[in-house]
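Remarks on the structure that follows.
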2 protein chains.
Amino acid sequence: MAKKSFPLSKVYTLLEPGPVVLVTTVGKTRPNIMAMSWHTMLEFEPPLVGCVISNRNHSFDLLQATGECVINIPTVDIAEKVVGCGNTSGTDTDKFNKFGLTPKPATHVGAPLIEECYANLECRVADSSMVDLYCFFILEVLKAWIDPTVKEVRTIHHRGHGRFMIAGEEIALKSKMK
Amino acid sequence: MAKKSFPLSKVYTLLEPGPVVLVTTVGKTRPNIMAMSWHTMLEFEPPLVGCVISNRNHSFDLLQATGECVINIPTVDIAEKVVGCGNTSGTDTDKFNKFGLTPKPATHVGAPLIEECYANLECRVADSSMVDLYCFFILEVLKAWIDPTVKEVRTIHHRGHGRFMIAGEEIALKSKMK
């Protein structure tokens, strides 16, 4: 299914609920994928996302070198692949190949979109002043994509040691919140 | 139900899944409550939490003045109260009174615990160097509490404009992740 462009002003609705995401970066020989749960919105528009990528991860070096990545949001149907990406290292594994994930070219960055994820956010590093102290990167979302056929968004939410909550029923309450 | 002390090393399991939380602060005349979704873990232990509290919120001033707060984690049974806290301002509203929430003394900070929330994290501001640019506070969790009777943790996760996903079924996958 071809993904549709998604308004930058609504990107916060994808990340606020706290899904596990897959971060793709590009390296000299191949792109890499890592699983990440430590992220937060920092600004609505242009959307800024803060995230922790440990300097023990191969993706840390790639993100530092290129200043670009894609945040891909998976749903429960590919949960096994997500955990697989979390259990392996890009230093010795081609994760796209190993887990049967499909890289697609992005429009604004060199890192690829993961086709099997229902949403993709093309990002560049906007502020790296907190990287030394906390491995905390501030990313600007340049372009967002979404699969318009996914209506019930069953994202997965990590609770530690491989236990995940799946996003369940949705409720609507009268809110003045954005 | 009396809450039990919860190990600081496991605090990340409460916040990683991205629940809406209620932040309590203490003011000159009364404590305040705000709803928040823009938070992330930054370090396992001692647990560091990064969060955005807008300078348009009354809680911003109270947190700046006292350097202390409590992160309270609600479940869906009090979702209406959570949205109520988000729709009102502490400048003219006593939210504990208006929404029938019960303040309990904390052990390490002046801000109160919300009794009706299943978990409570007593925090102090550890780093405010990103407050001017992003209203981003780095908090250290000093003490954590949990209601041991809550087995199925039905936290709520904001998707924008009052739409919330409720944490649903849980799955376990073989993970090397912490």
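The values are calculated or read from the model by the stated rules, or taken from the named source; none is laboratory data. Predicted model only: the values in this text are computed from it and were never measured. Here the Cβ is made from the backbone with ideal geometry for all residues, glycine too, and neighbour counts use every protein chain on show.
Within the bounds of the stretch B:154-172, is there any residue that is away from every other protein chain (no Cβ under 11 Å), surrounded by 16 or more Cβ atoms within 10 Å (Cβ to Cβ) and in a strand (DSSP E or B)? Checked against the condition, which is being away from every other protein chain (no Cβ under 11 Å), surrounded by 16 or more Cβ atoms within 10 Å (Cβ to Cβ) and in a strand (DSSP E or B), the stretch B:154-172 yields no hits at all.
So is A:LEU62 crowded, with 21+ Cβ neighbours inside 10 Å and outside any strand (DSSP E or B) or not? Judged against the criteria, A:LEU62 is a match. Inside the stretch B:120-148, residues that are at pLDDT 95 or above and over 30 Å from B:ASP61 (Cβ atoms) make up a count of 1. Being at pLDDT 95 or above, within 14 Å of another protein chain (Cβ to nearest Cβ) and part of a loop (DSSP other than H, G, I, E, B) narrows it down to one of B:SER89, B:SER54, so name that one. After ruling out the rest, the residue left standing is B:SER54.
Residue-by-condition table, conditions (1) at pLDDT below 95; (2) acidic (Asp, Glu); (3) in a loop (DSSP other than H, G, I, E, B):
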site	(1), (2), (3)
B:ASN72	no, no, no
B:LYS81	no, no, no
B:ALA106	no, no, yes
B:GLY110	no, no, yes
B:GLU116	no, yes, yes
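For A:THR40, the criteria (1) in contact (Cβ under 8 Å) with a residue 60 or more places away in the chain; (2) crowded, with 23+ Cβ neighbours inside 10 Å; (3) outside any loop (DSSP other than H, G, I, E, B) hold in every case but one, which is (1).
Rundown of residues vs (1) over 19 Å from the mean Cα position of the chain (by Cα); (2) aliphatic (A, V, I, L, M), yes/no style:
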site: A:THR107; (1), (2): no, no
site: A:ASP132; (1), (2): yes, no
site: A:PHE136; (1), (2): no, no
site: A:VAL150; (1), (2): no, yes
site: A:GLU170; (1), (2): yes, no
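Pairing each residue of the stretch B:130-159 that is among the polar types (S, T, N, Q) with any residue that is buried (at least 22 other Cβ atoms within 10 Å of the Cβ) and assigned to a loop (DSSP other than H, G, I, E, B), provided the two are 6+ apart or on different chains, yields C-beta distances under 8 Å for B:THR155/B:PRO17; B:THR155/B:PRO19; B:THR155/B:VAL20; B:THR155/B:PRO74. Of these, B:SER54, B:SER5, B:SER9, B:SER89, which one is within 21 Å of A:GLU16 (Cα to Cα) and in contact (Cβ under 8 Å) with a residue 24 or more places away in the chain? Among B:SER54, B:SER5, B:SER9, B:SER89, only B:SER54 is within 21 Å of A:GLU16 (Cα to Cα) and in contact (Cβ under 8 Å) with a residue 24 or more places away in the chain. Only one of the listed residues (A:GLU115, A:GLU68, A:GLU80) is closer than 30 Å to B:ASP132 by Cα, among the acidic types (Asp, Glu) and surrounded by fewer than 23 Cβ atoms within 10 Å (Cβ to Cβ). That residue is A:GLU68. Residue count for the stretch B:134-153 satisfying the condition of being farther than 15 Å from B:THR40 by Cα and more than 8 Å from chain A (Cβ to nearest Cβ): 11.
For every residue, the table says whether it meets (1) among the aliphatic types (A, V, I, L, M); (2) surrounded by fewer than 18 Cβ atoms within 10 Å (Cβ to Cβ).
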site	(1), (2)
A:ILE73	yes, no
A:THR93	no, no
A:PHE96	no, no
A:PRO105	no, yes
A:HIS108	no, yes
A:LEU121	yes, no
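The residue pairs whose first member lies in the stretch B:99-114 and is touching a residue at least 12 places away in the same chain (Cβ under 8 Å), whose second member is polar (S, T, N, Q) and buried (at least 18 other Cβ atoms within 10 Å of the Cβ), and whose beta carbons are closer than 6 Å, counting only pairs six or more residues apart or on different chains, are B:ALA111/B:THR24; B:ALA111/B:THR25; B:PRO112/B:THR24; B:LEU113/B:ASN120; B:ILE114/B:ASN72.
Just one of the listed residues (B:ALA79, B:ALA106, B:ALA35) is within 24 Å of B:ILE146 (Cβ to Cβ) and touching a Pro at 6+ places or on another chain (Cβ under 7 Å), namely B:ALA106. Against the list (1) small (Gly, Ala, Ser); (2) in a strand (DSSP E or B); (3) away from chain B (no Cβ under 12 Å); (4) surrounded by fewer than 21 Cβ atoms within 10 Å (Cβ to Cβ), the condition A:ALA126 fails is (3).
A:LYS95 fulfils the conditions (1) touching a residue at least 40 places away in the same chain (Cβ under 8 Å); (2) within 14 Å of chain B (Cβ to nearest Cβ) except for a single criterion, (2).
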